[in-house]
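Where a number appears in this text, it was derived from the coordinates with a stated rule and is not lab data. None of these values were measured; they are calculated from a predicted model. Quick reminder, even Gly has a Cβ in these numbers, built from the backbone with ideal geometry, and neighbours come from all protein chains shown.
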Amino acid sequence: MIEAMDGQHGTRRLQPQAGPTRLNAAPAVAGEAVFRARGLTKIYRMGEVEVPALRGVDLELHRGQFVVMLGPSGSGKSTLLNILGGLDVPSAGEVWYCDHRLDGADEDQLTQFRREHVGFVFQFYNLLPSLTALENVGLVTEIAADPMDPREALDRVGLGDRTGHFPTQLSGGEQQRVAIARALVNAPDMILADEPTGALDTHTSDEIMKLFQELNDSGITIIVVTHEPEVAEKTRRRLLFRDGHLVDDRRYKNQDWIVA
């Protein structure tokens with residue numbers, strides 16, 4: 001993928017390039033702004049009805065952070081996560097990954113971005129029931145640019161002894177760990193998780209959040225969407241969404257919540 005200049009605005013957009021390549025973003029620097037959104041708007045159209053999901057969101061997320069997006073159903077948090085992960089595109093506004101604009105990128109460019117930089121985790125695991133844990137994780141290695149060994153990924157989530165088990169032979173927490181291992185196997189810069197504890201009990205939710213914290217401690221940026229305040233309280237930055245607006249941005253430091 002190479003850069004092309006937008007003659008009207010003088011900005012760089014992602015462009016396809018022949019052969020496999022890594023997105024040529026600036027070198028990783030702890031604390032740099034990995035995502036920037038300006039005036040981000042998303043409107044879904046159902047016939048003649050317009051449903052606004054995001055209403056002009058401005059936001060910066062920094063490399064190495066562990067962030068939770070909190071809010072009720074319909075607040076826009078999952079829509080924003082999907083746009084950041086290249087699964088959806090905004091109706092208006094700008095969204096940048098490092099020094100590259102994602103808004104306006106075509107599907108091939110977004111697919112490459114997802115393969116090279118993002119690992120996804122979802123609420124209901126999305127595992128194939130006919131495949132073992134090792135095979136579910138191994139599927140990603142067929143499309144990843146520089147994949148991790150699937151056994152290593154399962155070891156990292158504490159399931160090195162469950163590689164031959166099928167999803168029906170695993171608990172909910174173990175299935176989610178397999179899903180996290182699958183997200184890890186393409187060696188992503190970040191993991192985006194949409195309600196990853198929504199189908200789990202409190203104890204298992206705590207274990208999954210501790211695993212995310214361990215991965216964050218190793219340098220991976222973690223962004224989690226949830227509607228559970230008790231999940232948000234386990235992270236160092238909390239973004240509160242309501243009716244498509246970012247209404248609060250707080251960071252935890254020295255035992256006090258401070259407005260960012």
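Residue-normalised convex hull volume from the C-alpha trace of region 61-205: 129 Å³ per residue. Rounded to the nearest 20, the size of the Cβ-charge dipole of region 2-259 about its Cα centre is 400 debye, with Lys and Arg at +1 and Asp and Glu at -1. Pairs of Lys residues in the chain that lie 8 or more places apart, or on two chains, and have C-alpha atoms under 19 angstrom apart add up to 5. Taking the square roots of five times each eigenvalue of the Cα gyration tensor of the chain, the equivalent ellipsoid has semi-axes of 28, 24, 18 Å, listed largest first. Annotation: amide H-H contacts under 5 Å for I43 (H modelled 1.01 Å from N, sequence separation of 5 or more, or interchain): A53, S91.
Distances between placed amide hydrogens fall under 5 Å for C98 paired with F35, R36, all partners being 5 or more residues away or on another chain.
Percent of Cα-Cα pairs more than 12 Å apart in region 148-212, please. For region 148-212, the share of Cα pairs beyond 12 Å comes to 67 percent. 3J(HN,Hα) along region 39-54, derived from phi through the Karplus expression 6.51 cos²θ - 1.76 cosθ + 1.60 where θ = phi - 60°, amounts to x, 6, 10, 9, 10, 9, 10, 10, x, 9, 9, 9, 10, x, 9, 10 Hz, with x in place of Gly and Pro.
Take every pair of alpha-carbon atoms less than 8 Å apart whose residues are at least six positions apart; their mean separation over the length of the chain yields a relative contact order of 23 percent. Across region 100-106, coupling constants 3J(HN,Hα) worked out from phi with the 6.51/-1.76/1.60 Karplus curve, θ = phi - 60°, read 10, 7, 9, 5, x, 5, 7 Hz, and Gly and Pro carry x.
Under a 5 Å amide H cut-off, with hydrogens placed 1.01 Å from N, G244 pairs with G76 among residues at least 5 apart or on other chains. Ordering G158, A199, V34 by Cα displacement along the dipole of the chain toward the positive end leaves V34 in first place; charges were set at the Cβ atoms of Lys, Arg (+1) and Asp, Glu (-1). A Gaussian network model of the chain, with springs between Cα atoms under 10 Å, assigns the largest mean-square fluctuation among M46, M148, M209 to M46.
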